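Here's the structure we're looking at; comments come further down.
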Amino acid sequence: MKLGRLNHIGVATPSIEQSVALYRERMGATQIGEPFDLPAQGVRVCFVDAPNTQVELIEPLGPESPIAKFLEKNPEGGQHHVCFEVPDIGDAVAWFKGKGVRVLGEPRIGAHGTPIVFLHPKDMGGVLTEIMESPRQAH
Ligand code: CO
């Protein structure tokens, strides 16, 4: 297993539109992507670029969304997960399973178009952790 770069920090929000305004006006963010839906994951996503990483704003697409419960507990939104890159998702999944870390589901295509999985927060010091295969080309 080779730990790669911190790709993004996931931030749940009840409104991507309001969060984009916050990052633009309070944080001075200028590089902000277009929001898009990831129906397979039940979320709408928008990336805010910082020089060394990104903030992934995630808004539920409906009441069945995996982040709906998080927003019930945190109505204002909040920090939801961190995402690290790895060179090969299959190798990483085998590594984590070998360590007894619960891998949540099978690898699926994430917001950057490469395979991702989530690791159980209880096995990761309380942090919901996303593992993402690095894009083949430069960022
Ligand atoms: Co993410």
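Answer yes or no: is there a residue in region 93-111 that is crowded, with 20+ Cβ neighbours inside 10 Å and within 18 Å of Ser65 (Cβ to Cβ). Taking every residue of region 93-111 in turn, at least one turns out to be crowded, with 20+ Cβ neighbours inside 10 Å and within 18 Å of Ser65 (Cβ to Cβ). Quick check, is Glu64 more than 15 Å from the ligand (Cβ to nearest atom), free of Cβ contacts under 8 Å to residues at least 24 places away in the same chain and surrounded by fewer than 17 Cβ atoms within 10 Å (Cβ to Cβ)? Yes; evaluated as a whole, the condition is true for this residue. Could you grab the pairs with beta carbons closer than 8 Å, sequence gap of 6+ or different chains, first residue in region 67-93 and at positive phi, second one in a helix (DSSP H, G or I) and within 14 Å of the ligand (Cβ to nearest atom)? Listed by first residue and then by second, the contacts come to Gly78/Phe70.
Determine whether region 33-43 contains at least one residue that is modelled with pLDDT of 95 or more, away from the ligand (no atom under 16 Å from the Cβ) and out of contact with any Ser or Thr (no Cβ under 6 Å at 6 or more places or on another chain). Within region 33-43, one or more residues are modelled with pLDDT of 95 or more, away from the ligand (no atom under 16 Å from the Cβ) and out of contact with any Ser or Thr (no Cβ under 6 Å at 6 or more places or on another chain). Determine, yes or no, whether Arg102 is of a type outside the set (Val, Ile, Thr) and within 14 Å of the ligand (Cβ to nearest atom). Here the answer is no, as Arg102 does not meet what is asked. Of the strands (runs of 3 or more DSSP E) lying entirely inside region 1-52, those carrying at least 1 residues that are among the β-branched types (Val, Ile, Thr) and more than 17 Å from Lys69 (Cα to Cα) are 6-12, 43-49.
Residues in region 71-91 that are within 15 Å of the ligand (Cβ to nearest atom) and surrounded by 15 or more Cβ atoms within 10 Å (Cβ to Cβ): Gly77, His80, His81, Val82, Cys83, Phe84, Glu85, Val86, Ile89.
The values are calculated or read from the model by the stated rules, or taken from the named source; none is laboratory data. This structure is a prediction, so every number in the text was calculated from the model and none was measured. Ideal geometry is used to build each Cβ from the backbone, glycine not excepted, and the neighbour counts take in all protein chains shown.
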